[in-house]
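The values are calculated or read from the model by the stated rules, or taken from the named source; none is laboratory data. All figures in this text were calculated on a predicted structure; none of them were measured in a lab. Backbone-built Cβ (ideal geometry, glycine too); neighbour counts: all protein chains shown. We work out accessible area using only protein heavy atoms, side chains counted, and drop any ligands, DNA or RNA first. Shrake-Rupley method; radii C 1.70, N 1.55, O 1.52, S 1.80 Å.
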Amino acid sequence: MAERPEDLNLPNAVITRIIKEALPEGVNVSKEARRAISQAASVFVLYATSCANSFAMKAKRKTLNAGDVMSAMEEMEFERFLQPLREALEAYKKGQKGKKEASEQKRKDKEKKGTDENDKSRDEEEDEHMDDEQDGENEAEEEDVEN
């Protein structure tokens, strides 16, 4: 748990970015207003977390999940945010799935490249071995010719 109330606030840079994205261009926000929004956001996060935790505890779980957060939003009477929240969650899941698939493909490509390089070096080693054998045979033939 935080030792000071200020530790519970979201970073100012994050709050500023969210405010800029939410307001039309050219609208200025005072430092005091940003601080108030930051504190309100922190209170909201703590309250939503507490409500979601209640749902997890009722289900005898220690881990909060997205369903708990959705239920908490309903309980807090923020139903109008449920659909946008579901859409954002779905977009997040798709993004994570895409990242996972890209990572797996990269790993497979790397393995394949490694296998191809191993095959190539194995072929080169075999070629060198064959050359050595032929050199040995040629030397033996030369000795027979000399004798």
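Here are a few things to note about the model shown:
- Against the numbered list (1) in contact (Cβ under 8 Å) with a residue 24 or more places away in the chain; (2) surrounded by 13 or more Cβ atoms within 10 Å (Cβ to Cβ), residue 46 comes up short only at (2).
- First in the stretch 66-87 and open to solvent by 60 Å² or more (accessible area, probe 1.4 Å), second anywhere and part of a loop (DSSP other than H, G, I, E, B) and at pLDDT 95 or above, Cβ under 7 Å, 6 or more apart: none
- Summed over the stretch 28-43, residues that are more than 28 Å from the chain's Cα centre (by Cα), open to solvent by less than 70 Å² (accessible area, probe 1.4 Å) and either of a type in the set (Ser, Thr, Tyr) or closer than 27 Å to residue 74 by Cα (or both) total 3.
- Members of the stretch 27-44 found to be of a type in the set (A, V, I, L, M) and not in a loop (DSSP other than H, G, I, E, B), listed by number: 33, 36, 37, 40, 41, 43
- Flag for residue 25 being over 28 Å from the mean Cα position of the chain (by Cα), within 23 Å of residue 84 (Cβ to Cβ), among the charged types (D, E, K, R) and open to solvent by 100 Å² or more (accessible area, probe 1.4 Å): yes
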